[in-house]
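Working notes for the structure below.
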Amino acid sequence: MNTMIVAAAAGLAMLVAGTELVCAQDDDVTTYTKPLIIPWETRETGFAAPTDEAKRLVRQLHYSQLISKYADEYDVPEELALAVVQIESNFRPTVKGSAGEIGLMQIKPATARLMGYRGPDYGLYDPETNIRYGMKYLAGAHELGGGKICGTILKYNAGHGAKRMNPVSKRYCNRVQAVIETAEQTAEQTASLSPVAF
């Protein structure tokens, strides 16, 4: 999973830095330039406007260390944890759901209290608090779901007592699997970048 985070960071760095890639070999420095296709520019600056995906990557990088910390602590696969946070909030800590779910992991205050949280509802907007209790709940879902992605998602989305896959949880599971697959492909593509590839 750390490879995926490094891959995302490398891709983001390439976006921010421009199109030049530098490969150092001994004392020689070779520069490889690959064109960066920008679909539009802002009228004010002439520079590319950040895409929603670029903004999401910045937010993901910002919270990935906390997600990794609590995923490790609660024995949840990191790629699953990242996918859940991406789908639940798109890495935005101030999101509030229509059923009262709060923050990065969209945990309900009552659920957080079942996991041991003792603070006020607004305390769940704190990213670390939200991830701590949301990850604890996800860990329970992961265990009850037999360690399988769809079983975990059913228990996380519909409640730990849910027994049958429902259409909403099935769509959620499909989205989680797609996010994980995309992250793995991105990591593989980034890892395969070498001077020879240019």
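The values are calculated or read from the model by the stated rules, or taken from the named source; none is laboratory data. Every value quoted in this text rests on a predicted model; they were computed, and no experiment measured them. Ideal geometry is used to build each Cβ from the backbone, glycine not excepted, and the neighbour counts take in all protein chains shown.
Points worth noting:
- Annotation note: of 141, 162, 112, the sole residue that is of a type outside the set (Ser, Thr, Tyr), touching a His at 6+ places or on another chain (Cβ under 8 Å) and more than 23 Å from residue 56 (Cβ to Cβ) is 141.
- Subset of segment 163-197 (residues that are part of a loop (DSSP other than H, G, I, E, B) and either surrounded by fewer than 12 Cβ atoms within 10 Å (Cβ to Cβ) or modelled with pLDDT of 95 or more (or both)): 163, 164, 192, 194
- Looking across segment 91-119, the residues that are more than 16 Å from the chain's Cα centre (by Cα), part of a loop (DSSP other than H, G, I, E, B) and among the charged types (D, E, K, R) come down to 101, 108, 118.
- Residues that are hydrophobic (A, V, I, L, M, F, W, C) and within 20 Å of residue 90 (Cα to Cα), drawn from segment 159-195: 168, 173, 176, 178, 179, 180, 183, 187
- In segment 149-198, the residues that are over 20 Å from the mean Cα position of the chain (by Cα) and not small (Gly, Ala, Ser): 160, 163, 164, 165, 166, 167, 168, 193, 195, 196, 198
- Residue 62 fulfils the conditions (1) surrounded by fewer than 18 Cβ atoms within 10 Å (Cβ to Cβ); (2) more than 12 Å from the chain's Cα centre (by Cα); (3) modelled with pLDDT of 75 or more; (4) in a helix (DSSP H, G or I) except for a single criterion, (2).
- Some residue of segment 82-90 being at pLDDT below 95 and either of a type in the set (Lys, Arg) or assigned to a loop (DSSP other than H, G, I, E, B) (or both): yes
- Exactly one residue out of 134, 140, 151, 146 is in contact with a strand residue (DSSP E or B) (Cβ under 7 Å, 6 or more places away or on another chain) and not hydroxyl-bearing (Ser, Thr, Tyr): that is 134.
- Single unsatisfied condition, residue 145 versus (1) under 14 Å from residue 78 (Cα atoms); (2) in contact with a Leu (Cβ under 7 Å, 6 or more places away or on another chain): (1)
- Close pairs from segment 97-109: first closer than 13 Å to residue 131 by Cα, partner of a type in the set (Phe, Trp, Tyr), Cβ under 7 Å, at least 6 apart: 102/125; 103/125; 104/63; 104/91; 107/133; 107/137
- Counting residues in segment 76-93 that are surrounded by 14 or more Cβ atoms within 10 Å (Cβ to Cβ), touching a helix residue (DSSP H, G or I) at 6+ places or on another chain (Cβ under 8 Å) and without any contact (Cβ under 8 Å) to a residue 12 or more places away in the chain gives zero.
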